[in-house]
Amino acid sequence: MSLPFLLEIGTEEIPDWMIDGARQQLAELFDQLSMSKGIGAGTSKQERERAWVEATPRRIALYSEYVNERQADLHRTVSGPPRSAAKAAVEGFARRYGVSRDQLGTQVTAKGEYYCFAERVLGRATCDVLAESLPEVILNIQWPKAMYWTAKNGSRFIRPIRWIVALLGDEVIPFEIAGVMSGNVTSGHRILGAAQIPVTIANYKSELEKNFVILSANDRAKRIRRGVGAVQDEGLLQTLVYLTEYPTVISGSFDPEYLKLPAEVLVTVMRHHQKYFAVYENGQLANRFFAVTNTDGDPEGIIRQGNERVLRARFNDARFFWDTDQHKQLADRVADLAHVTFQAKLGTYLEKTARVEALARELEECPSALRAAHLSKADLTTEMVKEFTELQGVVGGLYAREQGEPEEVWQAIYDHYKPVSMEDSIPRNRAGQLVSIADKLDTVTSCFAIGLIPSGSKDPFALRRAAQGIVKILVEGKLRFGLKKLLTNNAQGPKLEEFFLDRIRYYFKDIRGFKYDEVNAVLASGWDDLVDVEERLVAIQAVRPTENFEPLAASFKRIQNILKQAQFTGNGGAIDPALLEPGPEVDLYTEFQDVRSRAANQPYRPALELIASLRPKVDLFFDKVLVNAPDAKIRQNRLTLLHTLLAEFSTIADFSEIVTNG
Amino acid sequence: MDSYQEIIFKLKKYWSDRDCIIQEPYDLEVGAGTMCPETFLRVLGPQPYRVAYVQPSRRPADGRYGENPNRLYKHMQLQVILKPSPADVIDQYLGSLGAIGIDLRKHDIKFEEDNWEAPTLGAWGIGWQVMLDGLEITQFTYFQQCGGIDLDLVPAELTYGLERLAAFLQLKDSIYDVEWGGGATYRDVRFNDELQFSVYNFEMANVETLWKLFDLHEGEAARLLAEYRKLVKPLPDGRGSETATEPRPSGSADKLRFPLLPAYEHVLHCSHLFNTLDARGAISVTERVAVIARVRKIAVGVAQAWVDQQEPDAATRRHGDAASEPAEAVR
């Protein structure tokens, strides 16, 4: 018989950003337990869909509709002594299982006939199994930062556990964690609900709802969406879903006078500091906001007024910072960067600025980029950035505009931290792209030089993101810089190249969706110019489905193997046409010369199509001609032919990397 | 509407009714209520303790010449330590808001993750900032470590920002307009402090003098710690070494009367001098990390010696380990 199961871990407020991960972990941990203990009854898709894990800031709940009441009995055959064994040995075996000799069976194996016993291990009641195992399941949830709350060496969890509901059918599954006994009593919303609510599995959700707890994250999200209208900020929505048990949206406003401050600053205050949704009207920031409260409403407007007052204070601060900062031009702030550390061993931001300027110059003589590089870090000394660190760069750009820098320069400063993620766009102008690359390249190469190399999940300086950003800018900005040259002169040169190669591979494969073997094939033929890499990839992708391509790739792999076996490296010089055998060999040679001359100076795609058209001649060659000819001179000449063919056509991609069926 | 001082009275009364000792402010300059011995030292060791006090807290870099309506060089914290933290600690805290007239059914309260760390004290904890209608009114921290030492009992620390709370309750846009009591505003009482200390900290503090003071206080703390270590170090001839079983009563008595609390005051002076030098822009990049490490070393040294002093028996058994090498016992 199967029973429904409900577990609720009641806690103090869990950090919003950890909750989704904990839900997944709990589901997995319970699945593993069900399997290892043989208690999970629900195996069909339909049955699985009736299981769920939900969470609010104060609880994580797991429900499974089909759990066996008992573990299944275990039947197993235990092998005993051989049929020919002494009587005492047989009786000893029987005694071990509490039976007499004639209750034993026999079985014939390859080695002969043996006594055996059909043992039946009784399954235990699931309630007992769960009582034993659930504490471990709960405490095995991994958190980014767990805590003690009773004493050192006590239980650790993300926040103190204050109650536990554990029901199997109508029965409480009894266990204890950190002095908290499981039971059937949950707790409602901190302010609006009852503190102690006895529940059954059947009425659990509805009792919570009556006590102002909406258990389902989706339902809470829907409530917020209804209140806000068009939600443009899904990240903020997710945060608020997990900061509330009963979200209710209120609307507030502020003095339009503040709209004179840059929208970037206002939105940052609202979004990052107050967790409000900014409101736009006709594409313009409006003097309104939505706040999501953990209440059932604000009939007297008290909460709205409170939030408006806080926002006013924040905006006043921002205005104060703006005005104060204007007293000193960005250009005059550069020297102050001598007091701002970049990294203990890598010196100050003033030194970094000098390095970034030099790198930018090395990339390209672009006066706007040099000016922007010079000013790029100056905003780190402003009050505005000290307060709103997430606005670094943006503030510098806004101040540069205010102080009359040309558009190309202020935009370059504004954008130079971009792209901050793979979804983010690259800097909008060339100068910004140059400064961004120079800045990120400096960070990556300097950190590598002093041994700060990312490993596993450790990447404190976000070097992967920086390198990924460089790749994205080079490709999408169509910047044809020799990347390798920029990576030499580093104590960690080879590691640095490998690191970049990984980022390049990730970019084209995971972000751009090229097939992994195409990426490998193209990168094997060089990756110094990433714009060129992209062009070659696009060509391969287009030509790959044509009939000749994959078979030719297979032949190229064969050629490579033959050359490898013959340890032929091509130092023997040119092909001697006189030694070529008439028929397929001469035909291949003639066709090869023809293709070579026609493909030269062609864009990649037609060039590839031409190369692919060699396929019938290559096939015929392999069909009819023995490469390993007895005559050494002929053999040498044939290997030279193949080698030349391979070398000639591997500049676009190493076709042997292409994975073919066959 | 309650005045600023009435709000303080009510909060003190509330915690007094919940078995807290009501202490008066510590009479030295500190950056936060956490740094007072009533928190920094009392959270160490196995003794339960409950205490509440108002602590004027100085942050030289936050001074704004009395011009910014929300920022102060010196603000008042109500600091509550509940050691060990009771299971209903959050309910008790919410009750204190009720006690000062906040009807939580009409407000929006949220607990948002905010972990606390004080590198100069070797201390950190896990907790929240408590948000009331979008305003941060309290820091709520479960201490995990202090002076580099794992805490035997996990205390809850509640730190109320009293000016903000009063401005919130009195519906004021500026802290300076808060009614203090006796017909005076916050401005009447405190404006001169804010203006003059901002001028001093940002413009007139003599850097050379401050450095000298720093060195002197650091030296005195270090000297005392070295003296204390002599009391716990094994004697050179092997007496009182690991194998000795009989306690050393005279040593214990010497330790109990040893002035670690005065040593800690010198640590506090150093910490404040560091903050002032920092606000003055006198600490260079390379110096900064090193100066933090210097303060930390003596702070951690006092914390470890204090634990040793409070457990004299354990101390004689354990001489020569953590207490004798404070700087190295901590990562």
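Coordinate-derived values only; no laboratory data. Keep in mind it's a predicted model, so treat the numbers as computed, not measured. Please note: Cβ atoms are built from the backbone with ideal geometry, for glycine as well, and neighbour counts cover all protein chains shown.
Numerical summary
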quantity	calculated
Segment A:52-123: chymotrypsin sites (Phe, Trp or Tyr not before Pro) falling in loop per DSSP and having at most 14 other Cβ within 10 Å	A:97
Mean separation of Cα contacts under 8 Å (6+ apart) over length of chain B, as relative contact order %	19 percent
Estimated 222 nm signal from helices in the protein assembly as shown, with DSSP H stretches of n ≥ 4 weighted -39500 (n - 2.57), rounded to 500	-14000 deg cm²/dmol
Mean Kyte hydropathy of -0.5 or more with a Cα span along the axis of at least 30 Å, helices from DSSP in chain B	B:207-232, B:285-310
Options A:330, A:649, A:203, ranked by Cα towards positive dipole end of the protein assembly as shown, top entry (Cβ charges)	A:649
Three semi-axes of the equivalent ellipsoid, segment A:218-325, Cα gyration tensor, whole Å, largest first	24, 15, 12
Convex hull of segment B:4-203 built on C-alpha atoms - directionally averaged projected area, nm²	11.2 nm²
Nearest-20 debye value, segment A:546-657 charge dipole, Cβ charges on Lys, Arg, Asp, Glu	220 debye
For residue B:209, net neighbour charge (Lys/Arg +1, Asp/Glu -1) across residues whose Cβ lies under 13 Å away	0
Signed unit charges on C-beta, dipole axis of segment A:334-538, positive-most listed residue A:414, A:466, A:353	A:466
Paramagnetic label zone (point 7 Å from Cα along Cα-to-C-beta, residue A:566; backbone N under 12 Å) in segment A:625-661	A:626-646
Sequence-distant residues sharing a close amide H with residue B:32 (under 5 Å, placed H)	B:58
Residues in segment A:554-588 that a label on residue A:628 would reach, taking backbone N under 13 Å of a point 7 Å out along Cα→Cβ	A:562-567
Sequence-distant residues sharing a close amide H with residue A:629 (under 5 Å, placed H)	A:635
Within segment A:546-568, backbone nitrogen closer than 14 Å to the virtual label 7 Å beyond the Cα of residue A:620 toward Cβ	none
Alpha carbon convex hull of segment A:398-480, projected area averaged over orientations, nm²	6.2 nm²
Unsatisfied cross-links (Cα-Cα over 30 Å) in the set A:145/B:74; A:458/A:484; A:515/A:633	A:145/B:74; A:515/A:633
FRET efficiency, residue A:181 to residue A:31 (Cβ-Cβ, R0 22 Å, nearest 0.05)	0.30
Value of relative contact order over segment A:255-382, rounded to a whole percent, pairs C-alpha under 8 Å and six or more apart	18 percent
Order of A:650, A:182 - criterion: other Cβ atoms within 10 Å of each residue's Cβ, fewest first	A:650, A:182
Candidate lysines - alpha carbon under 28 Å from residue A:210, same-chain residues fewer than 8 apart omitted	A:222, A:275, B:106, B:110
Relative contact order computed over segment A:419-548 (Cα-Cα under 8 Å; 6+ residues apart), in percent	25 percent
Length added when fully stretched, residue A:257-residue A:651, from 0.36 nm per residue minus Cα-Cα	135.7 nm
In Å, descending, principal axis extents of the Cα set of the protein assembly as shown	115, 101, 78
Per-residue ³J(HN,Hα) for segment A:432-440, Karplus 6.51 cos²θ - 1.76 cosθ + 1.60, θ = phi - 60°, Hz, x for Gly and Pro	x, 5, 5, 5, 4, 5, 4, 4, 5
Long-range amide H partners of residue A:613 with built H, under 5 Å	none
Exposure rule at most 16 other beta-carbon atoms within 10 Å, DSSP loop GluC sites (Glu not before Pro): chain B longest free segment	B:68-241
Cα lying deepest toward the dipole's positive end in chain A, options A:235, A:6, A:385, charges on Cβ	A:6
Ellipsoid equivalent to segment A:481-560 - semi-axes via the Cα gyration tensor, in Å	27, 14, 11
